[in-house]
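Heads up: the structure comes next, in structure tokens.
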Amino acid sequence: MTVPAFVAEANPSYWLQGARLPLACLDSAVELGRASLATAEPWVQAHLQIGDGMIRAILPASQSIADDQLVWDLRQGMVWPAFVDLHTHLDKAHLWPRCPSPDGTFAAAIRLTRADRRHWRAEDLYPRMDFALRCSYAHGTQALRTHLDCEEGQALISFGVLQRLQQEWAGRLTLQGVSLMPIETFHQPQAIAIADTVADYGGILGAVVYPHPELEEQVERAFYLAQERGLDLDFHCDETLDPQAEGLRLVAATKLRLDFTGQVTCGHCCSLALQEPDRVTGTLDLVRRAQVAVVSLPSCNLYLQDRRAGATPRYRGITLLRELQQAGVAVVVGSDNTRDPFFAYGDHDMLEVFTQAVRIGHLDHPLGDWPRAVGQTPATVMGLGRIAQLGPGSPANLVVFKARSFNELLSRPQGDRTLLRQGQAIYPTLPDYAELDGLLCGN
Ligand SMILES: [Zn+2]
């Protein structure tokens, strides 16, 4: 795509002419009139005025731009807000060359990463996490949350590295960290030290929720520790096809019962898709009333769930994305693991994640509000304001595509997308895998 020279200047002021904007990403206050609406897909065509690093105005495409203005004619290319990735695991990112999984199973992934954790000093974590962030940034992400393994003294090391990265990436990527550990940890003395570390580093308290005889008390303890420290919560829940796993239901019920005022997110929630319809209806109602957000990780679920040696998977592994959304629950899709034993592939490309989610979850025809699931919905969960909404006053952190429709967008990888930050074109490159050779080969 030919980008006019003035777009690459510092603090540029210009118009994006004839941009196609996902309707779901448009600020509700923007009135464009029916003429701007597409007939077959949920986008609108408009001109965006960029200045002072922000979107200053959005006009219907039927209006003309004054002759004395600088104009970038997008030839009907789509413009999206820069992405927000709510669920990643930077501490495990790109481990694959050092611990490739022999069978791709969940059990092997847990065993391998637990054994590899002996390497997870700052010298090992920092280059892998930074590599992953450079991928995210180069694909057009502006904010990202990562879970960090916190058992056996790891919390201080990993949150320390994240803090360094938060400082180095400030102004380019907003980063948040969540503790990750088995939910049983909340009944061990180390839980208090971990919760204190999370609070010290401004993080979010989290754990993995799975069936356990004392699960109710453990989840309640997590809420109490979060409440005492004013922390939000983010759980891995029910990452299994066992319908008996009802962590999501328990978390929602606990939030309501304790009148917890922080933000609560549950990731995965795969088992919901295998439960009886009446039970599902009850859980959806609880989750909606509790205002618990659900983040789905379709690529990782497709990879891990229903994996059996020598057999073809029957189930897709994803949660009830459409039903959750219809029930009024905030639904997000995220990356999850990248090139590690939990998911051998991936590059923190939120367009790829969105495309996969649409294809795996049948989120299309109509596509509806789903573009928000990689933008403003996770931005709201992260407490970041209107950073991923297209409207006057929002930051001009945008991704410009040659694709003129959702159909064109979701058919190709869009490797030639152009990134705008504060309205200025930037050209970050993807890091070379060879950078990690010394770290991951021969250790
Ligand atoms: Zn995860």
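The values are calculated or read from the model by the stated rules, or taken from the named source; none is laboratory data. For clarity, every value in this text was computed on a predicted model and none was experimentally measured. Note that we place each Cβ from the backbone using ideal geometry, even for glycine, and neighbour counts take in every protein chain shown. Note: accessible area is taken over every heavy atom of the protein model, side chains too, but ligands, DNA and RNA are not part of it. Shrake-Rupley method; radii C 1.70, N 1.55, O 1.52, S 1.80 Å.
Working note: Cα gyration tensor of the chain, eigenvalues times five, square-rooted, sorted largest first, giving semi-axes of 36, 25, 21 Å. Calculated mean residue ellipticity at 222 nm for the chain: -9000 deg cm²/dmol, from DSSP H runs with n ≥ 4 weighted as -39500 (n - 2.57), summed, divided by the residue count and rounded to 500. Counting protein heavy atoms only, segment 88-139 has 59 percent of its accessible area on carbon and sulfur, 1.4 angstrom probe. Quick one: Debye curve from the C-alpha atoms of segment 256-414, no solvent, what's log10 I(q)/I(0) at q = 0.09, 0.17 Å⁻¹? Taken in order of the listed q values, log10 I(q)/I(0) reads -0.33, -1.14. Built from the Cα atoms of segment 142-287, the convex hull projects on average onto 9.0 nm², one quarter of its surface area.
Quick one: grab the alpha carbon gyration tensor of segment 132-194, order the square roots of its eigenvalues as a ≥ b ≥ c, and give me rounded if a/c is under 1.5, else prolate or oblate depending on whether a/b is larger than b/c.
Details: a/c = 3.31, a/b = 2.39, b/c = 1.39.
It comes out prolate by the Cα gyration axes.
For segment 232-343, the normalised intensity computed at q = 0.15, 0.21, 0.23 Å⁻¹ comes to -0.61, -1.11, -1.30 (log10 of I(q)/I(0), Debye sum over alpha carbons, equal scatterers, no solvent). Between ARG279 and GLN190, the contour length at 0.36 nm per residue exceeds the alpha carbon distance by 28.5 nm. Relative to the current alpha-carbon distance between ALA199 and LEU384, full extension at 0.36 nm per residue lengthens the span by 64.8 nm.
Out of all DSSP beta bridges in the chain, what portion is antiparallel? Express it as a percent rounded to 5.
Antiparallel bridges make up about 45 percent of those DSSP assigns within the chain.
I need the shape label for segment 362-443. Rule: rounded when a/c is under 1.5, else prolate if a/b > b/c, else oblate, with a, b, c from the alpha carbon gyration tensor.
Prolate, because a/c is 1.5 or more and a/b exceeds b/c.
Computed from the Kirkwood radius of its Cα pairs, the Stokes-Einstein diffusion coefficient for segment 30-162 at 4 °C and 1.567 mPa s stands at 68 µm²/s.
With R₀ fixed at 30 Å, the C-beta to C-beta distance from ARG308 to TYR224 puts the FRET efficiency at about 0.15.
Which percent of the accessible heavy-atom area of segment 399-443 goes to carbon and sulfur, probe 1.4 angstrom? Could you put the intermediate results ahead of the total?
Details: 1190 of 2450 Å².
Carbon with sulfur: 48 percent of the solvent-accessible area.
A Förster radius of 51 Å combined with the Cβ-Cβ distance from ALA122 to ASN407 puts the calculated FRET efficiency at roughly 0.65. Solvent exposure of the chain, expressed per residue, is 41 Å² of accessible area, with all protein chains present and a 1.4 angstrom probe. With θ taken as phi - 60° and the Karplus curve 6.51 cos²θ - 1.76 cosθ + 1.60 applied, the whole-hertz 3J(HN,Hα) list for segment 321-336 is 3, 5, 5, 4, 5, 4, 6, x, 8, 6, 10, 10, 10, x, 6, 6 Hz, x standing for glycine and proline. Once C-alpha pairs closer than 8 Å and six or more residues apart are averaged by separation and normalised to the residue number of the chain, the relative contact order reads 24 percent.
By the Cβ distance rule of under 4.7 Å, the chain has these cysteines without a partner: CYS25, CYS99, CYS135, CYS150, CYS269, CYS270, CYS300, CYS441.
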